[in-house]
Amino acid sequence: MSTLHMIDWLVIAVYFTIIGGLAWWAIKKQGNTSADYFLAGRHLGWFIVGASIFASNIGSEHIVGLAGSGATDGVAMAHYELHAWCLLMLGWVMVPFYMRSKVFTMPEFLERRFSPTSRTVLSLISLVAYVLTKIAVGIFAGGVVFAVLLPDINFLGMDSFWIGSILVIVITGLYTILGGMSAVAYTEALQTIILIIGSALVTFFGLNALGGWGELKAIVSSDMFNLWKPLVPSGMEGTWAPVKEAGKMAWYFNDNYPWLGMLFCAPIIGLWYWCTDQYIVQRALSAPNEKEARRGSIAASFFKLLPVFIFIIPGIICFALALSGKVPALQQQLIGADGQIIRDHAQQAFPLMVANILPIGIRGIVVAGLLAALMSSLAGVFNASATLFTIDFYSRLKPNVTQEKLVWVGRVATAVMVIIGLMWIPVIKGGKGLYDYLQGMQAYLAPPIFVVFFFGVFNKRLNAKGCLAALITGFGLGLFRLAIDTPVKLISGFNYAEGSFFWIINNIFFQYYSLIIFVISVIVMFAVSYMTEAPSYEKISGLTYGTVTDEHRKESRASWNFWDVAASVAVIVLILAAYLYFVG
């Protein structure tokens, strides 16, 4: 039976009508060039850029995964969400180089800085990564939401998981194919507003049902509100062990996130994602100039502070409501016979709150917010994937093709990604632990990309051979770990002999393995670069700090003022305030 009332359905219908109208307006407004289709003509204002970045980021892994993580581990995952400072790095450090180069894609920037081969390698890896991470988790979360809210719906032999996944993919794919970046960015801006309002309502009504913030802290363990515990735990000397050991789990805040790994690995993943990933940076590239791109990044950093309170906290509230028995339906779903939370059910925390806590009408708004996040996340990855394929592969094979043909190929590429998304449904239907899955995958892919972008910008001596060697070495190490992990995850009862080489690799915390990839990638890049010829500094003028001219500096300085600095400082102050508050 549906948990939605007729009024809720009317609210959702209004949401789809508005989204459809906005997408249609963007489609009609769009030009016929590749810049129009892939970068919205480079005319997006700072608010649209910032809201679009946030909406693209906030998808399934946040709504379903973060709330589930909040229910099981409290505010532990807030470390990733408080990386809003990474967006300041995008705006202040990387945007000047990106806007100066006038590129369409991140791999294209890598070609300008290093070589065409490094561009091809990064494009290929990015496309594969989008399928394995962003599309996979987006589809899974869409199915989870529909399975909870419409549990008994069946059509042509498909359950609500299948129906929800297909609807989200097809509707999102349709306006992304037709409208390109304009439709994606403008709908994402509206979806950001709906998402924030809807999720804030879940926190409000959840606390109201529980009896307030004080009651929440009284019911759950103080460790669930402790951000410092994973950073400065008792028994600190034991946390240096890189391999999981049963006797030492008390010194970690859970068995997948050791404090040392969080302290050093999380920033690498964060800077890779926010500053070098096509999926995110494409929005900044769509701004008309450095000033709007930077301000969009600063605006996104403010938005990025919200998930702790609108996703993680509702997960903790859901756990408290279930544990206290104040909402019997939640207790039945989430609490096992031993009185502990059933971790495999925790992914349902957010949609369960929607189904059991919210009043009629409000529920429709929040469901619209859920759909907004799911759709915006998928729209972003569809558009980014199409841009990578069309610009980094097709246009290089067919250099004299018309602009109209490029747009047509982009639409076809988007449609192919939609089909791949549909094909992924049976593969990920049984998935569990969305956030763990995503963070693990990103931890293996991020280090070499982070290394070649950031070290490439800060050190003009690093060359194309060093870049390619670092990419290949780093990706090889990441794929090696994935190949070892996969049988353990897919084959029931399979495990390696304890103490064997494969067992050690499989049981190294993924953050530590990521740090190993990072260190090796840095060593390889510097060693190969300094053993071979220096790059042509004239060709990379303006693409590194060492080759920036006085004219470049003047242009960049003219693009910001006191208020840009003040807003950035405010973000840092809010991050520090959050860390100081969540001390257990």
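Annotations for the structure displayed:
- Rounded, prolate or oblate (a/c below 1.5 giving rounded, otherwise prolate when a/b exceeds b/c) for the stretch 534-584 by Cα gyration tensor: oblate
- 3J(HN,Hα) from dihedral phi, the stretch 310-322, Karplus parametrisation 6.51/-1.76/1.60, rounded to Hz, x for glycine, proline: 10, 10, 5, 4, x, x, 5, 4, 4, 4, 5, 5, 5
- If the segment from residue 530 to residue 573 were pulled out straight at 0.36 nm per residue, it would be longer than the present Cα-Cα gap by 11.5 nm.
- Phi to ³J(HN,Hα) by Karplus 6.51 cos²θ - 1.76 cosθ + 1.60 over the stretch 175-188, Hz, x for Gly, Pro: 6, 6, 4, 6, x, x, 5, 4, 5, 5, 5, 5, 5, 5
- Anisotropy class of the stretch 1-128 from Cα gyration tensor, a/c 1.5 cut: oblate
- With one equal scatterer per alpha carbon and no solvent term, the Debye-computed log10 I(q)/I(0) for the stretch 471-584 at 0.10, 0.20, 0.21, 0.23 1/Å reads -0.69, -1.03, -1.07, -1.16.
- Counted charge near residue 529, where neighbours are those whose Cβ lies closer than 10 Å (Asp, Glu -1; Lys, Arg +1): +1
- Whole-Hz couplings from phi, Karplus 6.51/-1.76/1.60, listed for the stretch 204-215; x for Gly and Pro: 4, 6, x, 5, 5, 5, 7, x, x, 5, x, 5
- Between the beta carbons of residue 562 and residue 197, assuming R0 = 35 Å, the FRET efficiency works out to 0.65 to the nearest 0.05.
- Estimated D of the stretch 470-512 in µm² per second, where Rh is the Kirkwood radius over Cα pairs and Stokes-Einstein applies at 25 °C, 0.890 mPa s: 220 µm²/s
- The ranking of 43, 62 from fewest to most other beta carbons within 10 Å of each one's beta carbon is 43, 62.
- Extended-chain gain in nm, criterion 0.36 nm per residue less alpha-carbon gap, residue 495 and residue 400: 28.9 nm
- The stretch 283-434 shape via C-alpha gyration tensor axes, a/c threshold 1.5: prolate
- Computed extension length for residue 326-residue 505: 60.0 nm, one decimal, from 0.36 nm per residue of separation with the Cα-Cα distance subtracted.
- Label point at residue 218 placed 7 Å out along Cα→Cβ; residues across the stretch 289-311 whose backbone nitrogen lies under 13 Å: none
- Spin-label pair residue 13-residue 555: with each label point 7 Å from Cα along the Cα-Cβ axis, the two points sit 5.3 nm from one another.
- Among the listed pairs 465/539; 102/554; 29/398, those whose Cα-Cα separation exceeds 23 Å are 29/398.
- Other residues whose C-beta falls under 14 angstrom from the C-beta of residue 119 contribute a net charge of 0, scoring Lys and Arg +1 and Asp and Glu -1.
- Radius of gyration, Dmax [the stretch 332-380; alpha carbons; angstrom]: 13.8, 42
- Convex hull volume per residue in cubic angstrom - Cα atoms of the stretch 512-562: 117 Å³
Taken together, the values in this text are just the output of simple stated rules run on the coordinates, not laboratory data. Please read all numbers here as calculations on a predicted model, not as lab measurements. Cβ atoms come from the backbone with ideal geometry, glycine included; neighbour counts cover every protein chain shown.
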